[in-house]
1. For a quick check: with amide H placed at 1.01 Å from N, whose amide H comes under 5 Å from Val96's, ignoring anything fewer than 5 positions away on the same chain?
2. First measure r as the distance between the Cβ atoms of Asn91 and Leu131, then evaluate 1/(1 + (r/R0)^6) with R0 = 41 Å and state the FRET efficiency to the nearest 0.05.
3. Would you indicate which of (1) 14.7; (2) 13.0; (3) 12.4 is the value of mean projected area of the Cα convex hull in nm² derived from the coordinates of this structure?
4. How large, in percent, is the carbon and sulfur part of the accessible surface of the chain at a probe radius of 1.4 Å?
5. What does the extension gain come out to for Gln193 and Asp171, with contour length at 0.36 nm per residue minus their alpha carbon separation?
6. What FRET efficiency comes out for the pair Val205/Ser155, r = Cβ-Cβ distance, R0 = 35 Å, nearest 0.05?
7. Note the angle between two axes, namely the Cα long axis of helix 118-131 and the longest principal axis of the Cα atoms of the chain, as a number of degrees from 0 to 90, rounded to the nearest 10.
8. Treating only the Cβ of Lys, Arg, Asp and Glu as charged (+1, +1, -1, -1), what charge dipole size does the chain show about its Cα centre? Round to the nearest 20 debye.
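The values are calculated or read from the model by the stated rules, or taken from the named source; none is laboratory data. This structure is a prediction, so every number in the text was calculated from the model and none was measured. Virtual Cβ from ideal backbone geometry, glycine too; neighbours counted across all protein chains shown. Heads up: the accessible areas ignore ligands, DNA and RNA and are worked out on the full protein's heavy atoms, side chains in. Shrake-Rupley method; radii C 1.70, N 1.55, O 1.52, S 1.80 Å.
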Amino acid sequence: MNFFVIGCGRVGSELAFRLYKNGHTVVVIDRNREALNSLHPDFRGRIIEGDVLSEQMLERAGIAEADGLATVTNSDTLNAVVGHMARTIYNVPIIVTRNYDPSMLPVLEAFGCNVVSSTSWGAQRIQELLLDPSFRTIFSAGNGEVEIYEILIPSAWDGKSLGDLLRNNPDCLPVAITRAGRALLPDSETALQNGDMLNVSATFVGVKALHAQMDSGTEA
């Protein structure tokens, strides 16, 4: 596949090299020659120094044939504009934009781009680890608004139903239970066993409620 990476900072250079190592054709564009020099020495994609807002330059680089574009500069505004151009002018099918300032998220989302916010996601993850590292995140959707957690069921909940654990918690939904190495799809009547590995999909509000419910079971 043919990918464009706009911006060659730490994220851009790492992304470009990862894509290249996986056999894709990669075009990297940055207006800063020193930034382009940070690319891995084994990178063999196309490197362009120039203004990423220049339609002429983008067309010469072949953006009309791109399968995907990641705009990962250190400017949220520039990322939004380039992503919007790629989608509306050149019909690039997959666009991912990097976000720094959480207040800019609604603007980026309004442009119809996939957004990765290291600030929002990082703060969410750090908060979770500070509150209780025993709830391990194994998948994060969007920018951490919904995550899948892996939770070890303690002896205090042995024999109780999954419905009891998730009672009155619409922001926390069961995904799977792994028991003795085999996964199953649970329902509200499923009896929990000590040592079960429970996967739930939850918002931060939902996982807080699950914490409280598990603590109530432990105290009982």
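1. Amide H to amide H, under 5 Å and 5 or more residues apart or across chains, Val96 pairs with Leu69, Ala70, Thr71.
2. Efficiency at R0 = 41 Å is approximately 0.40.
3. Given (1) 14.7; (2) 13.0; (3) 12.4, the calculated one carries the label (1).
4. 53
5. The Gln193-Asp171 span can extend by a further 5.6 nm.
6. Efficiency, rounded to the nearest 0.05: 0.80.
7. Taking Cα atoms only, the helix is inclined about 20 degrees.
8. Dipole about the Cα centre, nearest 20: 560 debye.
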